[in-house]
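Colleague: Structure below; questions to follow.
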Amino acid sequence: MSMAPQDFFPALAPWVAGLDDTFPGAWIKPYFAQWEVLHILSIALLGGASILLNLRLIGHGLTEESPAEVERNVRPWLNLGVVGVIVSGLLIGSSNAERLYTSEAFTAKMLGLAAAIVLTYGVAMPAARRDGLLGGAGKLWAVVGLALFGLGLAVFGTAKLVSPGLWHVILAAALIAAFVTRGALRIVYLLGLGVLVIVQTAATHVMIPADDFARLDPVNKAFALAFTAWILGMAGVQVATSARDDAAGPAAKALAYAAILVWVMTAAAGRWIAFA
Ligand code: HEM
């Protein structure tokens, strides 16, 4: 079953088809590449701000400042990045609207964007302002944000020709866990990752011929699940055992992981619009 915007909103087809002939789409079209640079710079800005904020909640990075101070300092940059990515996205989108309208990756991206806004503005920022404490509203927004995130992942993971893009999200989770684990846990974690990489490479390059897609696809999917389980399992151990230096408890820390990864998923789905 296709899950592109055209499948949910078929009546919009004539409007979408005319968008690149009218303002602002027609005006943006000749300068698509320049506006896309603004899109990518905004992503870098919001991504960096989100990473600093959420790593602080996890208990890493700018630990000399309290989470509330980090939140105050990154807030303008985060806001600028979010406004920049949405405005530039709408402009380049209006000049190439049919591509988005027919793209399942774009559906995953919009679900990701909604989840990212909820998990950032409804959960991570208010929790950081209270030095890690999740309030009642924060818990409610967490449920909404995680549900949207799950829906986005489901669309991304099942969309035709797009699902390999989820490896970006798995890699980002692997890097965060490598950064925040410490001591013996980090060694065990990296060894486990190394074993998975070697076994997957052997299975998909030696045991199964590299062009036998019928057999490779299920094996690669199984490895995606194995990597995810290993990385989330080890991140879970880190979250559960890390010092409760700030008020941030395991739930706030786990949500901080999600608040970074949801932006990665949104960006990955954005990139994979081009591949479908
Ligand atoms: C209203 C919101 C947005 C709209 C309408 C939008 C629209 C677009 C469009 C039209 C493209 C070009 C697709 C193509 O022709 O291949 C694109 C690319 C992209 N978008 Fe967005 N976008 C939005 C928000 C975001 C957000 C929030 C992120 C990341 C957090 C993001 C990340 C990306 C990335 C990484 C690319 C690929 C750039 C490249 O490699 O060429 N977008 N987006």
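Colleague: Just how large is the dipole of the chain about the Cα centre, in debye to the nearest 20, putting +1 at every Lys and Arg Cβ and -1 at every Asp and Glu Cβ?
Modeller: For the chain, the charge dipole is close to 500 debye.
Colleague: Return the distance in nm (one decimal) between the two label points of a simple spin-label model at residue 99 and residue 121, each offset 7 Å from Cα along Cα→Cβ.
Modeller: The two pseudo-label positions are separated by 2.7 nm.
Colleague: Hey, rough spin-label estimate for residue 182 and residue 87, points 7 angstrom out along Cα→Cβ, what's it come to in nanometres?
Modeller: In this crude label model, residue 182 to residue 87 measures out at 4.2 nm.
Colleague: Per DSSP H run of n ≥ 4, the term is -39500 (n - 2.57); total these for the chain, divide by its residue number, and report the mean residue ellipticity at 222 nm rounded to 500 deg cm²/dmol.
Modeller: -24500 deg cm²/dmol
Colleague: Quick check on the chain: what does the Kirkwood estimate of hydrodynamic radius come out to from the alpha carbon pairs, in Å?
Modeller: 20.0 Å
Colleague: Given charges of +1 on the Cβ of Lys and Arg and -1 on the Cβ of Asp and Glu, with all other atoms neutral, how large is the dipole of region 210-276 about its Cα centre, in debye to the nearest 20?
Modeller: Values: 5 positive and 5 negative charges, 25 e Å.
Value, rounded to 20: 120 debye.
Colleague: Using Cα positions and a limit of under 26 Å, work out the lysines in reach of residue 160, with same-chain residues fewer than 8 apart set aside.
Modeller: Excluding near neighbours in sequence, the set is 109, 221.
Colleague: Here's a follow-up. Would you mind computing, in nm to one decimal, how far apart the modelled labels at residue 2 and residue 36 are, each placed 7 Å from Cα along Cα→Cβ?
Modeller: The answer from the label model is 2.2 nm.
Colleague: Show which aspartates and glutamates lie in cross-link reach of residue 29 when reach means a straight Cα distance below 20 angstrom and same-chain residues fewer than eight apart are skipped.
Modeller: Hits, sequence-local ones excluded: 20, 21, 98.
Colleague: What list of ³J(HN,Hα) couplings, whole Hz, do you get for region 114-122 from phi and the Karplus terms 6.51, -1.76, 1.60, once you set θ to phi - 60° and write x for glycine and proline?
Modeller: With the stated coefficients, region 114-122 comes to 4, 5, 5, 5, 5, 6, 7, 7, x Hz.
Colleague: Compare the Cα positions of 106, 59, 171 along the charge dipole of the chain (+1 at Cβ of Lys, Arg; -1 at Cβ of Asp, Glu; about the Cα centre) and return the one farthest towards the positive end.
Modeller: 59
Read-outs throughout are calculated quantities, based only on the coordinates presented, and are distinct from any laboratory measurement. Owing to the predicted nature of the structure, the values given are computational and were not obtained by experimental measurement. Neighbour counts run over all protein chains shown; Cβ positions are idealised from the backbone, glycine included.
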